[in-house]
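We did not get these values from a lab; they are worked out from the coordinates using the rules stated. Quantities reported herein were computed from a predicted structural model and do not represent experimental measurements. Virtual Cβ from ideal backbone geometry, glycine too; neighbours counted across all protein chains shown.
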Amino acid sequence: MPAPSTAAAYDLLAERWRDGSFDGTNGIGQHERALAFVARDDGGWALNVGCGCNTRFNAMMRAHGLRIEGVDVSARMLSLARAADPDVTLHHADICAWPLPRRYRFITAWDSIWHVEREEQPALMRKLMGALEPGGVFVFSAGGLDEAAEHVDAAMGTPLYYGTLGIPGLLAVIGQAGCVCRHLEFDQYPEKHLFVLAQRLP
């Protein structure tokens, strides 16, 4: 399925995360749960995939002694993110093509992987989980369907592509990447929004 440009769409939508209409608690509890699996000491790195301009997870990651990198395809999102938190190292890049520069203790991909074409998602997820330190944690959201699916939706005002591997497909990729699923939850039920927490084996 041809995917609309995620970068162009989020350039147009970026201000929505700053106008007071965005729920600033979205994902907070889920990240608290995920970070509970992360060792608290200085020196580790965190990566925020599709970081956008909302910096609400940054203080939580820093509280665990993590230095933060973010990557996003939207130049406007990154411009707003730099202004909000200049201490984060930000990269304007497509995560599928971007060579990961280091190992990470924590990786979050909140509401972002589903904009990658479905056929590319397994390779991307293996790439991210392969960059985890032993014991490292990967938290992400996905479409909570029983089977793989994809569609284009303009509910946010501009067309965006969404794809999911389905729950069996997601669990299979986690296992292939040498990780274990620690938590899986329909966290916005009855919406099909899935919160998944995976950890790399030692």
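Based on DSSP, what percent of beta bridges with both residues in the chain are antiparallel, to the nearest 5?
If we restrict to bridges inside the chain, about 55 percent are antiparallel.
If Lys and Arg each add +1 and Asp and Glu each add -1, what is the summed charge of the other residues whose beta carbon sits under 14 Å from the beta carbon of Arg126?
With Lys, Arg at +1 and Asp, Glu at -1, the neighbours total 0.
What does the charge add up to near Gly65, with Lys and Arg as +1, Asp and Glu as -1, over the other residues with Cβ less than 10 Å from its Cβ?
Around Gly65, the surrounding residues sum to +2.
What's the local net charge at Trp45, with K and R +1, D and E -1, over the other residues with C-beta under 9 Å away?
+2
Pull out a ≥ b ≥ c, the square roots of the eigenvalues of the alpha-carbon gyration tensor of the range 1-69, then state rounded if a/c is under 1.5, prolate if not and a/b is larger than b/c, and oblate in the remaining case. Numbers along the way, then the final one.
On the way: a/c = 2.41, a/b = 1.81, b/c = 1.33.
In terms of gyration-tensor shape, prolate.
Full extension from Glu117 to Arg62: what is 0.36 nm times the residue separation minus their Cα-Cα distance, to one decimal in nm?
Using 0.36 nm per residue and subtracting the Cα-Cα distance, I get 16.7 nm.
Starting from the Cα gyration tensor of the range 79-141, take the square roots of the eigenvalues, sort them a ≥ b ≥ c, and report rounded, prolate or oblate (rounded when a/c is under 1.5, otherwise prolate if a/b is larger than b/c, else oblate).
It is oblate, given that a/c is not under 1.5 and a/b is not larger than b/c.
Compute the relative contact order of the chain as a whole-number percentage, counting only Cα pairs closer than 8 Å that sit 6 or more residues apart in sequence.
Reported relative contact order: 20 percent.
Looking at the chain as a GNM with Cα springs under 10 Å, which of Val88, Val139, Val49 has the largest mean-square fluctuation?
Val88
Check each of the trypsin sites (Lys or Arg not before Pro) in the range 37-67 and keep only those in coil by DSSP with at most 15 other C-beta atoms within 10 angstrom; list them in order.
Passing both the DSSP loop test and the Cβ count: Arg40.
Please report Rg (one decimal) and Dmax (integer) in Å for the Cα set of the range 82-202.
14.7, 44
For Arg40 and Leu201, compute 0.36 nm times the residue count separating them, minus their Cα-Cα distance, and round to one decimal in nm.
Gain in length upon complete extension: 56.2 nm.
For a test of the definition: using alpha carbon positions, the gyration tensor, and the 1.5 limit on a/c, classify the range 15-146 as rounded, prolate or oblate.
Verdict is rounded for the range 15-146.
Taking loop as defined by DSSP and a crowding limit of 12 other beta carbons within 10 Å, which trypsin sites (Lys or Arg not before Pro) in the range 95-188 fit?
In loop regions of the range 95-188 (DSSP not H, G, I, E or B), the sparsely surrounded trypsin sites (Lys or Arg not before Pro) are Arg102.
Take every DSSP beta bridge whose two residues both sit in the range 49-152, then give the antiparallel share in percent to the nearest 5. Mind dumping the intermediate values first?
Details: 0 of 10 bridges.
So the antiparallel bridges amount to about 0 percent of the total.
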